[in-house]
1. Just to be sure, is A35 of a type in the set (A, V, I, L, M) and out of contact with any Ser or Thr (no Cβ under 9 Å at 6 or more places or on another chain)?
2. Looking only at residues in region 1-10 that are loosely packed, with under 11 Cβ neighbours inside 10 Å and not hydroxyl-bearing (S, T, Y), which one is nearest to R81 (Cα to Cα)?
3. How about region 35-47: which of its residues are among the hydrophobic types (A, V, I, L, M, F, W, C), assigned to a helix (DSSP H, G or I) and within 12 Å of the chain's Cα centre (by Cα)?
4. Has region 14-27 got at least one residue that is under 11 Å from the mean Cα position of the chain (by Cα), of a type outside the set (V, I, T), part of a loop (DSSP other than H, G, I, E, B) and modelled with pLDDT of 95 or more?
5. Only one of these conditions is not met by F85: (1) exposed (fewer than 11 other Cβ atoms within 10 Å of the Cβ); (2) touching a strand residue (DSSP E or B) at 6+ places or on another chain (Cβ under 9 Å); (3) among the hydrophobic types (A, V, I, L, M, F, W, C). Which number is it?
6. M82 fails exactly one of the following numbered conditions: (1) within 20 Å of T8 (Cα to Cα); (2) in a strand (DSSP E or B); (3) among the aliphatic types (A, V, I, L, M). What is the number of that condition?
7. So, of the residues in region 48-73 that are within 13 Å of G24 (Cβ to Cβ) and exposed (fewer than 14 other Cβ atoms within 10 Å of the Cβ), which turns out to be nearest to the chain's Cα centre (by Cα)?
8. Select, from Y75, Y33, the only residue that is touching a residue at least 40 places away in the same chain (Cβ under 8 Å) and on the phi < 0 side of the Ramachandran plot.
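The values are calculated or read from the model by the stated rules, or taken from the named source; none is laboratory data. Quick caveat, the model's predicted, so the values are computed rather than measured. Note: ideal-geometry Cβ built from the backbone for every residue, glycine included; neighbour counts use all protein chains shown.
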Amino acid sequence: MSSERRRTKYDIYADIIEAIAKKGLCSLTRVSYAANMPVDRAKKTLNFLVSHGFVREITVGDRKKYRSTKWGLEYLETFRRMRKFFAALEE
């Protein structure tokens, strides 16, 4: 049995925002690969993040690209701090 825990939805949000932040402007496929999730789930999660202002959808030519917003980067920073806090409690 694996000792690795399942990712929470908050982990997944952070993984997606981080992937976009690292690349700058990302396609759905790139986000899906970087976040290690199927394209259909990545699309659903991206739509959620866009609707809540964490990620912005931009049309480049005939393709959709995604960019992290300031709000998304603040979420990512806060999430990282909280993860460190909880890790310290588990020691």
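1. On the way: of a type in the set (A, V, I, L, M): yes; out of contact with any Ser or Thr (no Cβ under 9 Å at 6 or more places or on another chain): no.
No.
2. From region 1-10, those loosely packed, with under 11 Cβ neighbours inside 10 Å are 1-6, 8-9; that's our starting set.
In the following step, the residues that additionally are not hydroxyl-bearing (S, T, Y) were identified as 1, 4-6, 9.
Values: M1: 29, E4: 20, R5: 19, R6: 20, K9: 17 Å.
Only one residue tops the list, namely K9.
3. Initially, region 35-47 is screened for residues among the hydrophobic types (A, V, I, L, M, F, W, C), giving 35, 37, 39, 42, 46.
This time we only want the ones that are assigned to a helix (DSSP H, G or I), so: 39, 42, 46.
A42, L46, listed by residue number.
4. no
5. F85 satisfies all of (1) exposed (fewer than 11 other Cβ atoms within 10 Å of the Cβ); (2) touching a strand residue (DSSP E or B) at 6+ places or on another chain (Cβ under 9 Å); (3) among the hydrophobic types (A, V, I, L, M, F, W, C) except (2).
6. Only one criterion is unmet by M82, namely (2).
7. This residue is I58.
8. Values: Y33 fails: touching a residue at least 40 places away in the same chain (Cβ under 8 Å).
On inspection, the qualifying residue turns out to be Y75.
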